[in-house]
Structure formats: structure tokens, C-alpha cells
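Reading through the C-alpha cells given below for one structure.
The values are calculated or read from the model by the stated rules, or taken from the named source; none is laboratory data. Fair warning: this is a prediction, and the values are worked out from it, not measured in the lab. As a convention, Cβ positions derive from the backbone with ideal geometry for all residues, glycine included, and neighbour counts pool all protein chains shown. Side chains included, ligands, DNA and RNA excluded: accessible areas come from the protein's heavy atoms. Shrake-Rupley method; radii C 1.70, N 1.55, O 1.52, S 1.80 Å.
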Amino acid sequence: MLCVVDIGNTNIVIGLMDDEGRLTFSGRVRSNRDKSVEEFVIEVKTLFDLYKVNTDRVKGAIISSVVPALTDVARSGIRDLMGTDPLVVDHGIKTGIRIAMDQPATVGSDLIVDAVGACEKYDGPLIIFDLGTATTCSVVDEDRTYLGTIIIPGVKTAQDALTQKAAQLPYISYKKPRHLLGRNTVESMQSGLIYGNAAMIDGLIDRVQEDLGRQATVIMTGGIGCVIAPFCRHKLVYEENLLLDGLWYIYQKNQKSRTAKSREKYAAYSAY
């Protein structure tokens with residue numbers, strides 16, 4: 001069993017995956033940047049106890065983090081909870097994709113892990129939308145080269161800014177409005193959030209495919225993605241657990257690499 005941890009700006013998602021890469025459990029806690037190791041351990045243990053999750057079979061762990069202040073907290077917490085030292089996704093880890101960016105080391109680990117998960121499941125070129133705190137659009141070609149990213153304020157981030165700056169606009173739920181043209185304030189905002197983001201995504205797909213000069217497979221992930229995806233006019237695939245899947249694939253690649261290095265080291269010693 002593998003423990004996969006996705007530390008995002010809003011939530012920390014904890015998952016357990018079996019030897020075949022199937023997700024058997026997932027839950028989340030808040031990404032409080034002031035969280036201590038003890039608080040992390042208590043929250044995760046409470047989550048496991050709540051759903052009666054047995055972690056005795058966990059043999060490894062891997063972390064993707066876009067919150068540096070929480071990376072070592074989660075690493076220490078997972079070590080204390082499960083007795084295994086987690087692998088952390090960074091620019092030195094083996095991923096199986098090439099990053100054609102000006103500064104590859106600065107690319108968010110979540111973007112890379114999404115790309116790995118997508119490449120393992122679909123043929124390129126790929127356009128990957130991740131709808132979280134930020135909405136990101138990443139592009140990977142058929143040779144598994146990560147070409148670049150577009151970053152936009154996320155759906156909830158935009159809504160938060162709107163309601164904070166406009167005194168008469170309420171905080172609303174993500175619900176399909178009865179009409180495209182809202183008949184009241186709430187419907188008008190719902191139409192903007194749902195149809196506005198769907199139209200933006202459709203427009204970006206058109207522009208990226210024009211830039212690539214060919215059609216691409218479009219994949220969407222992220223918590224709010226399931227709300228927006230049905231309203232996009234382009235054909236796309238929604239992958240709820242794309243990042244967790246990507247973590248599983250990266251862990252397997254690096255375990256094979258570690259095993260091969262251990263064998264080489266053993267063979268070198270045996271030659272003496």
C-alpha cells in the first residue's frame with residue numbers, strides 16, 4: 001500500500017493506493033501554513049480513525065507540495081504515523097517527462113505530477129486543466145515534453161475576490177443557473193462562474209490547439225472541475241484523482257530506479 005499526499009494551497013489530500021494503483025481511500029485536511037507536526041498527525045490520525053482506515057500495510061509514501069512551509073511538516077508527520085520516510089517530488093526526481101521551461105526547477109510539483117498522470121493514461125499532445133486555488137492549463141506534446149503553462153485565478157479565488165470587493169454581491173453555491181442571462185443577482189453570479197469559466201476553458205483549448213497546429217486530448221481535474229466540465233463545449237475527460245495517480249506512477253518509477261542502483265552497487269561490491 002502506498003500513501004500519496006497532495007499539499008495544495010487550500011487543502012491537503014491524503015490517499016492510499018494499492019499495488020495496482022487503485023485508490024482505496026482519500027480524505028482531506030486544511031492547508032494551515034502554521035500547522036505543527038503534532039497537529040498534522042492528530043488531524044490525519046483522526047481522519048483515518050473516523051473512516052476506520054488500517055495503515056498497517058502502508059510500505060511507502062510520496063508527497064507533492066506547493067506549500068513549502070508544510071512540506072517538512074507532512075514528511076515528519078507521515079514518518080511518525082506510518083514509519084516510512086516519504087519521497088518528495090522536486091526537480092531532481094525521476095518523472096519520465098522532459099520540462100522545456102526557462103527554469104524547470106521552478107515549475108510547481110502539482111503541474112508536473114498532473115502531467116505524469118496524464119501521460120501514463122493518454123497519448124499526446126495533451127492539454128491539462130487543473131481547477132483549484134488557481135486554474136492552470138498545462139500542455140505536453142506527444143514526446144512527453146512539458147511545453148508550458150497558463151495560470152489563471154481559480155473559480156473560488158475569483159468568487160472570493162468578487163464578494164469581498166463588491167459589497168452587494170453575496171457568496172453563492174456552485175449551481176447551474178436556470179437561465180444563461182440571470183434573472184436575479186445570485187443567478188447572474190452563478191452564470192458568470194459556470195458559463196464564464198467554461199467559455200474561458202473552451203477559448204483556451206482553441207488557442208492552444210491553434211498554437212500546436214493539431215488537435216489534443218483535453219483532460220480536466222481539480223475539485224471544482226466536475227462542476228465546470230459538463231458546460232464546456234469541447235470534448236474533454238474529467239479525471240478526479242489525476243494528481244494522486246501521477247504520484248503513484250512517479251513513486252513506481254523511482255522505486256525501480258532505486259532498486260536498479262542498489263543492484264549495481266551490490267554487483268560492484270561483489271566484484272572485489
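Might you check whether a residue that is under 16 Å from I152 (Cβ atoms) and not β-branched (V, I, T) occurs anywhere in the stretch 232-250? The answer is yes; a qualifying residue exists. In this structure, does V89 turn out to be hydrophobic (A, V, I, L, M, F, W, C) and under 21 Å from S26 (Cβ atoms)? Judged against the criteria, V89 is a match. Every condition in (1) in a loop (DSSP other than H, G, I, E, B); (2) closer than 18 Å to L244 by Cβ is met by L47 except one, and the failing one is (1). So, of the residues in the stretch 144-159 that are among the polar types (S, T, N, Q) and in contact with a helix residue (DSSP H, G or I) (Cβ under 9 Å, 6 or more places away or on another chain), which turns out to be surrounded by the most Cβ atoms within 10 Å (Cβ to Cβ)? Filtering first and then ranking leaves Q159. Filtering the stretch 132-143 to residues that are surrounded by fewer than 24 Cβ atoms within 10 Å (Cβ to Cβ), modelled with pLDDT of 95 or more and of a type outside the set (V, I, T) leaves C137, D141, E142, D143. In the condition set (1) surrounded by 12 or more Cβ atoms within 10 Å (Cβ to Cβ); (2) within 16 Å of the chain's Cα centre (by Cα), R30 is compliant with all but (1). Q159 meets all of the listed conditions (1) touching a Leu at 6+ places or on another chain (Cβ under 9 Å); (2) closer than 23 Å to C232 by Cα; (3) modelled with pLDDT of 95 or more; (4) not acidic (D, E) but one, namely (3). The residues on offer are K176, K253, and the sole one that is in contact (Cβ under 8 Å) with a residue 12 or more places away in the chain, among the charged types (D, E, K, R) and open to solvent by less than 70 Å² (accessible area, probe 1.4 Å) is K253.
Of all residues in the stretch 179-205, those satisfying the criterion of being free of Cβ contacts under 8 Å to residues at least 12 places away in the same chain and charged (D, E, K, R) are R183, E187.
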